[in-house]
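Since the structure comes first, as structure tokens, the remarks are kept for the end.
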Amino acid sequence: MEAKESINKIKPELAKAVEFFESELAKVHTGRASVALVEDILVDCFGSKMPLKQLGSISCPEPRQILIQPWDKSSVEAIERAVIASGLGASPVVDKDVIRVALPVLTEEFRKNLMRTISEKAENTRQVIRRWREQAWKEIQDGAREGKIREDDKFRAKDELQELVDEYNKKIDEFSERKKKELGG
């Protein structure tokens, strides 16, 4: 049955979209230190841009502090510049061969901006899911027009497709709400 194939084909894409959304939310600063906040910051080092996680170990020794230990001591200054430029709102302090990043307390304005960012990321992910739904629905309609899919199977597939989309939208809502609660909103 071709309708089922169209739906099954988009399931991994919907899962990838939600996984990406979840990883993006992990990067949103909630006042608590997290390796995810800095690990993907691009550092201009050794003639190319590299993610911070490839340049050293990252840990969180305290609830509001991130500790970066570069493997190559000559990259300390480049890492410090990248963290400052990242928009994290934190000021890194170089302490011999390590960099300590103390996260600031969230102001109400910064918290509102983060809430807006979470909502925008959620909406972008919903748009991706809608595009995949539209593509699958188009394939199903084309199959029905060509006589490969019966009319009642077409409408059954439409309902199944909508259930799948609703399931992924619910996950987006759950992740968003959880992150907003972490922000105190």
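Side notes on the structure shown:
- Values of log10 I(q)/I(0), in the order q = 0.17, 0.19, 0.29, 0.30 Å⁻¹, for the stretch 1-53 under a Debye, Cα-only, solvent-free model: -0.69, -0.75, -1.02, -1.04
- Helical content alone sets the calculated 222 nm signal of the chain at -20000 deg cm²/dmol, taking -39,500 (n - 2.57) per DSSP H segment of four or more residues and averaging over every residue.
- Rounded to whole Hz, the Karplus (6.51, -1.76, 1.60) HN-Hα couplings of the stretch 56-66, x for glycine and proline: x, 8, 10, 9, 10, x, 9, x, 10, 9, 10
- 10 Å binning of all Cα-Cα separations within the stretch 35-102, expressed as whole percents from 0 upward: 23, 64, 13, 0
- Put simply, the amide H of residue 60, placed in the peptide plane, has neighbours under 5 Å in 67, leaving out anything fewer than 5 places away on its chain.
- With distances taken between every two different alpha-carbon atoms, the chain has a Kirkwood hydrodynamic radius of 19.1 Å.
- FRET efficiency for residue 40 and residue 160, using Cβ-Cβ distance with R0 set to 30 Å, rounded to 0.05: 0.25
Read-outs: derived from the displayed coordinates by stated rules, not from any lab. Here the structure is a predicted model, which means the values were calculated and not measured. Cβ sites come from the backbone with ideal geometry, for glycine too, and all protein chains shown count toward neighbours.
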